[in-house]
Amino acid sequence: MTITLTIDGKTVTAEEGQGLIDVANDAGVYIPSLCYQRGKPCLGTCRVCTCKVNGNPVASCTIPVQDGMVVEVEEPEVRDMRKALIELLFVEGKHNCPSCEKSGRCDLQAVGYETGMMVSRFPYRFPITENDYCSDKIWLERDRCIFCQRCVEFIRDEETGQKIFNISERGAKARIEIDVELANKMSDEQAKAAMDICPVGCILKKAVGFDAPIGKRKYEIETVRERALRGEHK
Ligand code: FES
């Protein structure tokens, strides 16, 4: 059934039940996102896609559209909420963009630019974590993980469907883990897919450092906004 809603005052038609973030992007309204990937089940872990629906803040990737919905994306309070969430992600880990292999193709860095973040309003946590170099093709820079769970859900052993990545512990002790036996069975393509699906520089492929030249990386050619508006969320 076709329904009508408004997004930042603009009347938009959509099919009932479509995801709000997709409807907004298709209507030319960019909503930042990190854990969401169009066409894949929604994870709802990062909340960076928060906007107001009928006056209440909600994660737009988790919400199906309904007739008469009033959606605010660029309203100042909710814009600042998204910015604060991104600032929190920066201070919870160690994100030294100039020295990171993922710079220029990092989703967190890209949405940081989009939201105009210059510095975080929150104190830095400077976590001390142990990197994991145990598998043949992948290493984990654990202090960059934002716990989006993309790798956990979407990178699986091709034969058994078992999870290769997982998260142990909770809260401040949470950390990303890799099943070394399954990881060592990954093809080069799957290892690259794991690196690409990571929205930060946590999952890195060994032996190919800086394979994409700086200046020609995806967010140096096209902004995260431009990619999202044509349906690319990674
Ligand atoms: S919760 Fe919507 S993009 Fe992460």
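Since every read-out is calculated from the coordinates, none of them should be taken as a lab result. Please read these numbers as outputs of a predicted model, since none were measured by experiment. All Cβ positions, glycine included, derive from the backbone under ideal geometry; neighbour counts span all protein chains shown.
Kirkwood-type hydrodynamic radius, the stretch 1-96: 13.7 Å, calculated from all non-identical alpha-carbon pairs. For the residue pairs Lys102/Lys218; Lys10/Lys52; Lys40/Lys137; Lys163/Lys218; Lys185/Lys206; Lys185/Lys216, the alpha carbons lie more than 19 Å apart in Lys40/Lys137; Lys163/Lys218; Lys185/Lys216.
Counting charges near Gly104 (Lys, Arg +1; Asp, Glu -1) among other residues having Cβ under 9 Å from its Cβ returns a value of +4. Note on the stretch 117-234: with charges restricted to the Cβ of Lys and Arg (+1) and Asp and Glu (-1), its dipole about the Cα centre is near 620 debye. Under 5 Å from the amide H of Ser33 lies no amide H of any residue 5 or more positions distant or on a separate chain, with H modelled from the backbone and absent for Pro and chain starts.
Applying both filters, DSSP loop and at most 14 other Cβ atoms within 10 Å, to the GluC sites (Glu not before Pro) of the stretch 143-234 gives Glu158, Glu159, Glu169, Glu222, Glu232. Only helices reaching 20 angstrom along their own axis (Cα) with mean Kyte-Doolittle hydropathy no lower than -1.0 count here, and for the DSSP H runs of the chain these are 76-92.
Loop-located chymotrypsin sites (Phe, Trp or Tyr not before Pro) in the stretch 157-221 (DSSP state other than H, G, I, E, B) with a sparse environment of at most 13 neighbouring Cβ atoms within 10 Å: Phe210. For the stretch 170-234, the calculated P(r) over all alpha carbon pairs, in 5 Å bins from 0 to the bin holding the longest distance, is 3, 12, 18, 23, 17, 12, 12, 2 percent.
Taken over the chain, the percentage of Cα pairs per 10 Å bin, counting from 0 up to the bin with the maximum distance, is 7, 31, 34, 20, 7, 0. Over all other residues within a Cβ to Cβ distance under 12 Å of Lys137, the charged ones net out to +1, with Lys and Arg as +1 and Asp and Glu as -1.
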